[in-house]
Amino acid sequence: MEKEILQLLHENAKLTPKQIATMLGVTEKEVRAKIKELEERKAIIKYHTLINWEKTEYEPVRALIEVKVTPQREVGFDGIARRIYQFDEVKDVYLMSGDYDLAVMVEGSSMKEVALFVALKLSTIEGVQSCATHFILKTYKHEGVILDDEEEDKRLVITP
Amino acid sequence: MSLEEKINPVLRQIPPSGIRKFFDLVANTKGVISLGVGEPDFVTPWYIREEGIYSLEKGYTMYTSNQGLLELREEISRYLLRLTGIVYDPVQEVLVTVGVSEGVDLALRALVSPGDEVLIPEPSYVSYGPTTMLAGGKPVYIRTRPENGFKLTPELLEGVITPKSKILLLCYPNNPTGAVMTADDLAKLLPVIAEHDLLVISDEIYAELTYEGKHVSIASFPGMKERTVILNGFSKAFAMTGWRLGYAAGPKEIIAAMTKIHQYTMLCAPITAQKAAIEALRNQNGAVKKMVEEYNYRRRILVEAFSEMGLRLFEPKGAFYAFPDISATGLSSEEFAEKLLFEEKVAVVPGSAFGPSGEGFIRISYATARKDLIEALKRIKRFVRKKTLKKQ
Ligand SMILES: Cc1ncc(COP(=O)(O)O)c(C=O)c1O
């Protein structure tokens, strides 16, 4: 039941416990208890909304920064990651295998703002060797959701 | 002689499709939520479509062998083993067809001699009766009831048998009722089938869409493989209706006979679909399971909505249909469907389209996006309340 509840809420956080209970064939009480437990152990951290910003007038500028770092004694990559992820401008931070070490998603209201953030804040952190900035031009799919307009139903209206 | 008189007289005996009439009505109404669609609302999973595209790029645009690509038959054989536990020889016991539709036609034409009776549990999928008649047989309908979960019982079967009875045509999980037959239910039929030496055509196109327990094929019982043709296909489980691909599996004598007809009337099934189907069966990446899970969610939403409405609904356990009893509204199936369409812009199929025993019922397909289904159920609820109040 846990996995199903998580999947359903991940897809639509607005589902009520009652609706989930109906879909899973269990009681509302069981679902409420399970959700409470998941929230308490921080498996469910928060409920957020997936927004296609391109359809609003507030479209932010996003860039993926490839960061190469020198790992530090005792804390390894975690120390630098922590210094990076504390910035509000930073939306995601991943430790990567391969050519560079940290993938950092930075968001700002203009390209200049993002570029300045990288130049002044990110690249000046001790242990950061280099930053390569890639601006995102268009989002096709985000968190498993294709952002293009929904495909219409092409089926005949009545079939046997 | 007029042209009409020159047309095959059997066709005149076949009544026009009850669905066709209603289709025109719905097609001409705007803003309708349709719960009348007998096919998945999902498009074919991309990994399957992509394989079809790739095969076109590679130039696979030719005929295949009559029986279908051996590679596909081998995959089908493995799949049937997983699904039913039965071993079918891909060389002699499997035939790739143009949908289950062709499979039904081939099986009936291969087995029916003039005047043979084909026993069909009703309400039934619309094509069985007409195909039986075109094959020269006589359809004999067996009325199943919601009290029995729309299942076929040995008593019901025994009740229609005559010396001319030859074939039992089963379809479980069922279109239009959503009924399934468990292993116990099927086992009870076996003595009757054996005593009267019946052959069985088992349309198992909805097998994957079984929501409680696992699908059981009648061919999996001892002695039954020898007298059963299983029909299955890609339309429902893999959301591939438009690809037109199915298959038959059965005793080699029957498959050979069906192949003979297929060879002269169809030649082979489309190669693009066959190529894509190989990938559909080979790559078990959970896409089917995800679709089935979503249908199951909707099924439960629907069952609950009907219990709140106070309409009697036998709980559907398979396919993506529900078949509620609407007689409490005092309306006939057709009246209900028409009024619901005009007053609430929701399309359902009158139960009477699936035979006289469907009168008093409607068929609801939940192959409809969840949010549309919920909205449609709200409208049906409002409609039913209005009609039952008026009646009192
Ligand atoms: C019970 C049943 N059999 C066969 C078919 C036809 O399937 P296919 O697309 O494989 O021809 C359908 C389609 O609705 C069906 O419901």
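Read-outs throughout are calculated quantities, based only on the coordinates presented, and are distinct from any laboratory measurement. Since we're looking at a predicted model, the values are computed, not measured. Because the Cβ atoms are built from the backbone with ideal geometry, glycine has one as well, and the counts that use them run over all protein chains shown.
Return the sequence-ordered ³J(HN,Hα) values of the range B:234-241 in whole Hz as given by the Karplus equation 6.51 cos²θ - 1.76 cosθ + 1.60 applied to θ = phi - 60°, using x for Gly and Pro.
9, 4, 8, 5, 9, 6, 10, 3
How would B:PHE342, B:PHE23 line up from fewest to most surrounding beta-carbon atoms within 10 angstrom?
Fewest-to-most Cβ neighbours within 10 Å comes out as B:PHE342, B:PHE23.
Give me the angle, in degrees from 0 to 90, between the Cα long axis of helix A:2-11 and the longest principal axis of the Cα atoms of chain A, rounded to the nearest 10.
Once rounded, one gets 70 degrees.
If neighbour count is taken as other Cβ atoms inside 10 Å, put B:SER34, B:SER220 in order from fewest to most.
Going from least to most buried by this count: B:SER220, B:SER34.
What does the extension gain come out to for B:HIS196 and B:ASN283, with contour length at 0.36 nm per residue minus their alpha carbon separation?
Gain in length upon complete extension: 27.1 nm.
For A:MET105 and B:GLU359, FRET efficiency with R0 = 56 Å and r from the beta-carbon atoms, rounded to 0.05? Each step should come with its number before you reach the end.
On the way: r = 61 Å, r/R0 = 1.09.
After rounding to 0.05, the efficiency reads 0.35.
List B:LEU25, B:LEU83, B:LEU189, A:LEU137 from most exposed to least, where exposure is judged by having the fewest other Cβ atoms within 10 Å.
In increasing order of surrounding Cβ atoms, one gets A:LEU137, B:LEU25, B:LEU83, B:LEU189.
Listed here are the pairs A:LYS29/A:LYS55; A:LYS29/B:LYS386; B:LYS151/B:LYS225; A:LYS141/B:LYS30; B:LYS166/B:LYS275; which of them are more than 29 Å apart at the Cα?
A:LYS29/A:LYS55; A:LYS29/B:LYS386; A:LYS141/B:LYS30; B:LYS166/B:LYS275
Label the range B:214-261 by shape, choosing from rounded, prolate and oblate, from the square roots a ≥ b ≥ c of the eigenvalues of the Cα gyration tensor; if a/c is under 1.5 it is rounded, and otherwise prolate applies when a/b is larger than b/c, oblate when it is not.
Taking the square roots of the gyration eigenvalues as a ≥ b ≥ c, the range B:214-261 is oblate.
Using amide H atoms built 1.01 Å from N in the peptide plane, name the residues 5+ places from B:GLY38, or on other chains, whose amide H lies under 5 Å from its own.
Here the answer is A:THR159, since their amide H atoms fall under 5 Å of that of B:GLY38.
How would you classify the range B:332-392 from its alpha-carbon gyration tensor, with a ≥ b ≥ c the square roots of the eigenvalues: rounded for a/c under 1.5, else prolate if a/b is greater than b/c, otherwise oblate? Don't jump to the answer; show the numbers that get you there.
Details: a/c = 2.13, a/b = 1.09, b/c = 1.95.
Oblate.
Enumerate the residues in the range B:299-321 having an amide nitrogen under 16 Å from the point lying 7 Å beyond the Cα of B:LYS188 toward its Cβ.
None, by backbone N distance to the label point.
Under a 5 Å amide H to amide H cut-off, with H placed in plane at 1.01 Å, what residues pair with A:VAL69 once short-range neighbours are removed?
Placed amide hydrogens put A:ASP101, A:LEU102, A:GLN129 under 5 Å from A:VAL69.
Pick from A:GLN19, A:GLN72, A:GLN129: which residue has the top mean-square fluctuation in a GNM of chain A where Cα pairs under 10 Å get a spring?
So, out of A:GLN19, A:GLN72, A:GLN129, the one fluctuating most is A:GLN19.
From other protein chains only, count the Cβ atoms within 10 Å of every residue's Cβ in A:19-27, then give the mean.
So the per-residue partner count for this stretch is 4.
Which value in nm describes the separation of the simple spin-label points at B:THR162 and A:VAL145, placed 7 Å from the Cα toward the beta carbon?
The two pseudo-label positions are separated by 6.1 nm.
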